[in-house]
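Notes follow the structure.
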Amino acid sequence: MNNTLTEHTTKDIIHKAISKSMSYAQFRELVSKLAANNGTTGPEQTEDNKHYTVLNDKRMRRWDKTLKILEEVVKQLTDYQQKVYWLVITESWCGDSAPSLPVMNKIASYNDRIDLKIVLRNEHPKLMDAFLTNEKMAIPKLIVIDQETSEVLGTWGPLPTKATIMANEYRQKHGALSPEFKEELQQWFNKDKGQNILNDFQKLLALK
């Protein structure tokens, strides 16, 4: 979190974002409509962003249908007692959101104390600035917030732990992430079947 902001200011920014947020169902409906009408979120209506919006719609649809969570993990999730918001910053074209948002939604579906909220980065620049990753506006970014005290309990994103290691190693060798690497990363997500993301979230909720 950006240390230059006061706690009061950050809470105010978070409250405003939550009040204007979408549910996962609303976000999925938005992405599907944009994909069907050759559109994308944000001011940059580029062909690349439109293309990735279509891809993400397909990928999230597949993840929603195929994602499985083991019974012992479901038991842990249902036992979680703290009421929290999971506030996620993203955009329709964000490829890294496609595998992670369905996992977040699946977890929240097992426990009504976890209230998943989604906002668009372009519409909430102050929120994004408060939760940069390595001084970059990386998305998706999940912020865990206590519903009663409004305290920020933790953050996650933009990538799960194993994918972060892969991306950092690639950057060290090549300087930047190539389209080829990003495609390899999507293949890794498919093989992993959301388990690394789920493991990260279990730790975020202090379930393990």
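Only the coordinates and a few stated rules stand behind these numbers; no lab work does. All of these numbers come straight from a predicted model, not from anything done at the bench. So basically every Cβ, Gly included, is an ideal-geometry build from the backbone, and we count neighbours across all protein chains shown.
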Given 16/193; 65/182; 65/203; 106/191; 11/191, the pairs whose alpha carbons are separated by over 30 Å: 16/193; 11/191
Amide H contacts of residue 131 (H built 1.01 Å from N, under 5 Å, at least 5 apart or other chain): 2
Candidate aspartates and glutamates - alpha carbon under 12 Å from residue 141, same-chain residues fewer than 8 apart omitted: 91, 96, 129
Extension gain from residue 68 to residue 192, taking 0.36 nm per residue of separation minus the Cα-Cα distance: 43.5 nm
Reachable aspartates and glutamates, given that their alpha-carbon falls under 13 Å from the alpha-carbon of residue 83 and they are not under 8 places away in the same chain: 112, 115, 146, 148, 151
Two-site label geometry, residue 135 and residue 12: point separation in nm, points 7 Å out along Cα→Cβ: 2.7
Gyration tensor over alpha-carbon atoms, the chain, equivalent ellipsoid semi-axes in Å: 24, 21, 19
Peptide ranges 57-64, 172-179 listed from the most packed, as the mean C-beta count within 10 angstrom indicates: 57-64, 172-179
Dipole magnitude (debye, nearest 20) for region 116-208, charges at Cβ of Lys, Arg, Asp, Glu: 200
Positive-end residue of 178, 150, 128, charge dipole of the chain with Cβ unit charges: 178
